[in-house]
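Reviewing the structure listed below.
The values are calculated or read from the model by the stated rules, or taken from the named source; none is laboratory data. Fair warning: this is a prediction, and the values are worked out from it, not measured in the lab. Cβ sites come from the backbone with ideal geometry, for glycine too, and all protein chains shown count toward neighbours.
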């Protein structure tokens, strides 16, 4: 039994597991920021553009609750025990997902561009000053024209 706990401790303390845990925590915090951006900033602006439609209140009643509808809000329908399809909440989630996906895409694209710049920064060849052919940087004699290089 002691051996199992030791193996679990060793597994949990590996770098990859800790990195993953940090990523999940940061991802959850980023998700809260994006949800606030969507619900508190983007959706009200879209609502004004589309004629003051409140997306969070777009729902369809499948089964009436007690008391019966119509319900002024999704919260009123839930309080009455009505079964609803919450289209507005779903739209908010889709927009949040698109923003998160785009942010991750831009992050990966930026990281990849840094990697390409690093790889392109160190040339491994030079031009021979006599015959203009590509030769290794460390060459002291051109293999093509046999000229001595300084």
Item to check | Among residues of segment 72-86, those that are surrounded by 15 or more Cβ atoms within 10 Å (Cβ to Cβ) and closer than 15 Å to residue 55 by Cα, counted | outcome: 3
Checklist entry - What number of residues within segment 54-71 are surrounded by fewer than 14 Cβ atoms within 10 Å (Cβ to Cβ) and either free of Cβ contacts under 8 Å to residues at least 24 places away in the same chain or under 30 Å from the mean Cα position of the chain (by Cα) (or both)? => result 8
Checklist entry - Considering 61, 53, which residue is within 20 Å of residue 90 (Cβ to Cβ) and modelled with pLDDT of 85 or more? => result 61
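Has segment 28-36 got any residue that is within 34 Å of the chain's Cα centre (by Cα) and over 25 Å from residue 102 (Cβ atoms)?
Residues of segment 28-36 that are within 34 Å of the chain's Cα centre (by Cα), as a first pass: 28-36.
Pick out the ones that are also over 25 Å from residue 102 (Cβ atoms) and you get none.
No, because not a single residue in segment 28-36 is within 34 Å of the chain's Cα centre (by Cα) and over 25 Å from residue 102 (Cβ atoms).
Can you spot a residue in segment 116-124 that is on the phi < 0 side of the Ramachandran plot, at pLDDT below 90 and surrounded by 12 or more Cβ atoms within 10 Å (Cβ to Cβ)? Spell out the reasoning first.
First, the residues of segment 116-124 that are on the phi < 0 side of the Ramachandran plot: 116-124.
In the following step, the residues that additionally are at pLDDT below 90 were identified as 116-124.
Then drop every residue that is not surrounded by 12 or more Cβ atoms within 10 Å (Cβ to Cβ), which leaves none.
No, segment 116-124 contains no residue that is on the phi < 0 side of the Ramachandran plot, at pLDDT below 90 and surrounded by 12 or more Cβ atoms within 10 Å (Cβ to Cβ).
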